[in-house]
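Student: Next up is a structure, given as structure tokens.
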Amino acid sequence: MARITASVYTSHVPAVGAAIDLNKTGEAYWRPLFAGYEYSKQWMEENRPDVVFLVYNDHATAFSLDFIPTFAIGTAPSFNPADEGWGPRPVPQVIGHPELASHIAHSVIQDDFDLTIVNRMDVDHGLTVPLSLMCGQPQAWPCPVIPFAVNVVQYPVPSGRRCFQLGQAIRRAVESFDQDLKVQIWGTGGMSHQLQGARAGLINREWDNAFLDKLIVDPAAAAAIPHIDYVREAGSEGIELVMWLIARGAMADVAGGPAPVVKHRFYHVPASNTAVGHLILENP
Ligand code: DHB
Ligand code: FE
């Protein structure tokens with residue numbers, strides 16, 4: 001049986017990817033941010049999964065406004081880093097896991113969550129920046145990755161409640177796969193940020209930290225946060241945080257198991273226009 005061993009949560013700012021790719025991580029502006037991920041890279045080496053199920057959002061890169069899937073699962077054997085205007089990031093190709101991805105698609109769709117199946121796709125900073133933060137700059141990513149894209153860019157976007165329920169269905173799907181695989185689920189994006197309009201630059205430390213507290217100890221309460229609260233308190237792009245609820249919904253305690261262990265918690269402002277939050281939760 002495959003099982004979910006841990007969940008990882010992290011922001012995905014494109015400038016963080018550029019700082020890594022252009023060797024600027026030692027600069028005064030970036031040093032405190034990358035210091036917060038030193039533990040995480042070590043933890044990744046010591047707790048290497050067989051597969052990462054990576055919940056992220058595409059930023060109108062692979063999906064234009066012509067096609068807007070709410071939830072899309074990547075079933076391809078591989079995914080190339082996308083060109084977002086400056087050429088593709090110089091990071092390894094992402095190797096998928098078509099067998100597990102197809103199984104999860106089958107199980108979750110039969111469990112009433114209507115996914116879009118994606119057999120060919122490039123992956124943008126939403127996916128590659130979290131990989132860089134957690135894995136550094138290897139020649140190859142440490143394991144296969146299943147990209148799972150959520151629409152948080154073009155309205156209407158899914159509710160936190162729906163995302164939390166989907167995470168529970170993903171856990172059931174993983175546990176019904178008959179190979180012994182250690183699977184990590186990552187929820188990415190957020191925390192507070194607004195890139196547009198009169199409130200561009202908005203950051204809300206207090207709300208972000210209350211969200212982290214709630215996500216850890218009372219995820220059902222975090223899942224009940226209405227959409228308008230994210231936008232008002234965490235800014236228009238703060239809505240990316242609903243993706244964290246997919247990862248949290250897949251943890252054991254939500255299905256009556258033991259509470260997760262908080263291995264790492266980090267929060268840092270500024271990183272470009274975004275408040276960076278990061279958590280590692282392990283299933284005991
Ligand atoms: C920034 C943050 C994002 O989440 C994003 O997708 C693009 C830019 C930023 O803070 O610059
Ligand atoms: Fe984003």
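Please treat every number below as a calculation from the coordinates, not as lab data. None of the values given here were measured: they were computed from a predicted structure. Reconstructed Cβ throughout: ideal geometry from the backbone, glycine too, with neighbour counts over all protein chains shown.
Student: Rounded to the nearest 500, what is the chain's calculated 222 nm mean residue ellipticity when only DSSP H runs of at least 4 contribute -39500 (n - 2.57) each, over all residues?
Tutor: -10000 deg cm²/dmol
Student: Shifting gears a bit: Using only the Cα atoms, work out Rg/Rh for segment 194-284, with Rh taken as the Kirkwood radius, to two decimals.
Tutor: That ratio equals 0.99.
Student: Residue separation times 0.36 nm, minus the C-alpha to C-alpha distance between Ala198 and Glu46: what's the value?
Tutor: Stretched fully, the Ala198-Glu46 segment lengthens by 50.3 nm.
Student: If you don't mind, another one. Order these peptides, 66-76, 49-59, by their mean beta-carbon neighbour count within 10 angstrom, highest first.
Tutor: 49-59, 66-76
Student: Related question: Tell me, what is a quarter of the convex hull surface for the C-alpha atoms of segment 91-216, in nm² with one decimal?
Tutor: Seen from a random direction, the Cα hull of segment 91-216 projects 9.8 nm² on average.
Student: Among Asp83, Asp208, which comes first, then next, by fewest other beta-carbon atoms within 10 Å?
Tutor: Asp83, Asp208
Student: About its Cα centre, how strong a charge dipole does segment 218-260 have in debye, to the nearest 20, once Lys and Arg get +1 and Asp and Glu get -1 at the Cβ?
Tutor: The calculated dipole for segment 218-260 is roughly 80 debye.
Student: Looking only at Ile146, Ile216, Ile246, which one moves most when the chain is put into a Gaussian network model with springs between Cα atoms under 10 Å?
Tutor: Ile216
Student: Another one. Where in segment 214-239 is the amide nitrogen less than 15 Å from a point lying 7 Å along the Cα-to-Cβ axis of Ala60?
Tutor: 237
Student: Stokes-Einstein D for segment 66-149 at 10 °C, 1.306 mPa s, Kirkwood Rh over Cα pairs, in µm²/s?
Tutor: Roughly 117 µm²/s, to the nearest whole number.
Student: May I pose another question? Give the residue from Gly277, Val123, Ile68 lying farthest towards the positive end of the charge dipole for the chain; charges sit on Cβ (+1 for Lys and Arg, -1 for Asp and Glu) and the dipole is referred to the Cα centre.
Tutor: It is Gly277.
Student: Give the cross-link partners of Lys263 among the lysines, using a straight C-alpha distance below 24 Å as the criterion and excluding same-chain residues fewer than 8 apart.
Tutor: The reachable lysines, counting only those whose Cα sits under 24 Å from Lys263, are Lys41, Lys182, Lys214.
Student: Using Cβ counts within 10 Å as a stand-in for footprinting exposure, how do Met243, Met1 rank, fewest first?
Tutor: Lowest to highest Cβ neighbour count: Met1, Met243.
Student: Which value, in debye to the nearest 20, describes the size of the charge dipole of the chain about its Cα centre when Lys and Arg Cβ atoms bear +1, Asp and Glu Cβ atoms bear -1, and nothing else is charged?
Tutor: Around 400 debye, computed over the chain.
Student: Still on this structure: Multiply the residue separation of Thr116 and His227 by 0.36 nm, subtract the distance between their alpha-carbon atoms, and state the gained length in nm to one decimal.
Tutor: Fully extending the segment from Thr116 to His227 adds 37.7 nm.
Student: Once R0 is set to 25 Å, what does the formula 1/(1 + (r/R0)^6) return for the Cβ-Cβ distance between Phe67 and Ser159, expressed as a FRET efficiency to the nearest 0.05?
Tutor: 0.70
Student: Moving to a separate point now. Based on the alpha carbons, how large is the Rg to Rh ratio for the chain when Rh follows Kirkwood?
Tutor: Looking at the chain, the ratio lands at 0.92.
Student: Quick check on packing: order 183-191, 165-173, 104-112, 27-35 by the mean number of other C-beta atoms within 10 Å, highest mean leading.
Tutor: So the order, starting with the most tightly packed, is 183-191, 165-173, 104-112, 27-35.
Student: How high is the relative contact order of the chain? Use alpha-carbon pairs under 8 Å, at least six apart in sequence, and give a whole percent.
Tutor: 30 percent
Student: So if R0 is 30 Å, what FRET efficiency would Ala35 and Ala140 give, r being the distance between their Cβ atoms, rounded to the nearest 0.05?
Tutor: Step by step, r from the Cβ atoms, then E = 0.75.
Student: When the Karplus curve 6.51 cos²θ - 1.76 cosθ + 1.60 is applied with θ = phi - 60°, which whole-Hz ³J(HN,Hα) does each residue of segment 23-31 get, with x for Gly and Pro?
Tutor: 6, 10, 5, x, 5, 3, 5, 8, 3
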